[in-house]
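Enquirer: Can you keep this structure in mind? I'll have questions shortly.
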Amino acid sequence: MSIQQAQVELWVLEAQSGDSKAFSELCQHFYPSAISFSIKLCGDIYLAEDAVQSALLKLSKTISKLRDPAAINTWVFKLVRWQVLYMLKLQNRYRSMEDTEPLYSEDQLEQYDLAKAIAALPDIEGQVICLFYLAQLELNEVAAVLEIPTGTVKSRLFRARARLKQALQT
């Protein structure tokens, strides 16, 4: 276990005891990676921000139910995923990533080839990359968040890396 993970687990225990500062630290820790994941899910930065805020609000109400502090990564990203899907359903906004407005200007994307390549991945492969590399979740945690078998996560991660490699070599 890394020192950072130990700190996160300590914040969970303190937040479960009612420490609002510890809960605030948890939110600050997860917010950047949760936003990245949420944007990949919905393609809309405003909806992503709303979904993450709603997910963190739900976390504040449900953190006491978390029995294993080590499961906080999975718990947070599941809440974010469920909230994004719920908000999309409410707004009847199911659409493919190709139909969404780009999050960055063309000039910015040229500067960030990797960001462009990740954005171009199919949805599920992009989600796996975001969770595994950007949020630094373990394979079993990614599987739990996406509600798919670990073997499927491995194959999608392999396929996504191959596509990224190909996109970056052109």
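The values are calculated or read from the model by the stated rules, or taken from the named source; none is laboratory data. Because the structure is predicted, anything quoted here is derived from the model rather than measured. Cβ: placed from backbone, ideal geometry, glycine included. Neighbour counts: every protein chain shown.
Enquirer: Given (1) modelled with pLDDT of 90 or more; (2) exposed (fewer than 15 other Cβ atoms within 10 Å of the Cβ), where does GLN5 come up short, assuming only one miss?
Expert: Answer for GLN5: the failing condition is (1).
Enquirer: Could I ask something else about it? Could you please find all residues in segment 130-163 being crowded, with 19+ Cβ neighbours inside 10 Å and farther than 15 Å from ALA34 by Cβ?
Expert: ALA143, ALA144, VAL153, ARG156, ALA160
Enquirer: If you scan segment 74-89, which residues turn out to be surrounded by 22 or more Cβ atoms within 10 Å (Cβ to Cβ) and under 15 Å from GLU49 (Cβ atoms)?
Expert: LEU79, VAL80, GLN83, VAL84
Enquirer: Now, a different point. Can you pull out the residues in segment 20-54 that are over 20 Å from the mean Cα position of the chain (by Cα) and either crowded, with 22+ Cβ neighbours inside 10 Å or at pLDDT below 90 (or both)?
Expert: none
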